[in-house]
């Protein structure tokens, strides 16, 4: 069919319009803006994962004791469960030292059967405590920085405290956080100062207690152990030992059995905190062992460990 001149002109105009630039990109992928890189999936070490798993398992076991007729120490179980919840929450995130919102690592814990009797419950609990503390210390050994090493060591110390069911853990005023780096040389004199204060306070208390008081042999044993620790620290410091003060300010009046016991507990906690500073400063396992060794002396005074031993507000 012949095309009229008017039709030909219209087609020509249409073809010319189709050749103008279009705001729509119709080319291949090379013509598109690059997509943003996806956020990398959070990762953690195998020991950190194992520590989380073990702590979650301990938490499940403690939860099975709450309201259990086989477990009489219900106030302790409720307090221990609250501590376990706080620990699991920290261990479940990529950065346990941050309070910011983070993705959570999931772990699966099997159903925990209620123990058949109180003895079985105590045995299972003690075994779980030991296993969890070991897993936490393995994670502490792999920690890249001192503050994270202290975080894992602190949780392990609190977990060890669950072996003493007469003193329930308490939240406390401090929690794990980023720390300014410190050094071994700066931290050793601080621990020595706490040990000196403990020796002084033990001596004052022993001088005011009667010899037949049940607290007297406890204080005497601690005095001998504290003197040995003092000597070890002096040997480490060599000619850098600071001058020892003639006296120390006591945390309580120490004018009764109760205030003597309270003061001793406070002074023992300060020694634990001195070891904690060294854990953050130096990877030598001796400092973590020192924190662990302070658990019993603190609790023997009736003083509770916090959820985060060694952290100071």
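The values are calculated or read from the model by the stated rules, or taken from the named source; none is laboratory data. From a predicted model like this one, the values you see are computed outputs, not experimental measurements. Heads up, the Cβs are rebuilt from the backbone with ideal geometry, glycines too, and the neighbour counts pull from every protein chain shown.
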Odd one out for residue 266, checked against (1) in contact with a helix residue (DSSP H, G or I) (Cβ under 7 Å, 6 or more places away or on another chain); (2) under 22 Å from residue 189 (Cβ atoms) | (1)
Any residue at all in the range 143-155 that is out of contact with any helix residue (DSSP H, G or I) (no Cβ under 6 Å at 6 or more places or on another chain), surrounded by 23 or more Cβ atoms within 10 Å (Cβ to Cβ) and in contact (Cβ under 8 Å) with a residue 24 or more places away in the chain?
-> yes
What pairs can you find where one residue is in the range 199-212 and more than 12 Å from residue 259 (Cα to Cα) and in the same structural domain as residue 228 (by TED's automatic domain parsing), the other is in a loop (DSSP other than H, G, I, E, B) and modelled with pLDDT of 95 or more, and their Cβ atoms are less than 7 Å apart, with a gap of 6+ or different chains?
-> 200/248
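Of these, 121, 133, 113, 156, which one is assigned by TED's automatic domain parsing to the domain that holds residue 58, farther than 22 Å from residue 313 by Cβ and within 13 Å of the chain's Cα centre (by Cα)?
Numbers: 121 fails: within 13 Å of the chain's Cα centre (by Cα); 113 fails: within 13 Å of the chain's Cα centre (by Cα); 156 fails: farther than 22 Å from residue 313 by Cβ.
Selected residue: 133, the only one of 121, 133, 113, 156 that is assigned by TED's automatic domain parsing to the domain that holds residue 58, farther than 22 Å from residue 313 by Cβ and within 13 Å of the chain's Cα centre (by Cα).
For the range 291-313, which positions are at pLDDT 95 or above and out of contact with any helix residue (DSSP H, G or I) (no Cβ under 7 Å at 6 or more places or on another chain)?
293, 296, 304, 306
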Single unsatisfied condition, residue 82 versus (1) touching a helix residue (DSSP H, G or I) at 6+ places or on another chain (Cβ under 9 Å); (2) surrounded by fewer than 19 Cβ atoms within 10 Å (Cβ to Cβ) | (1)
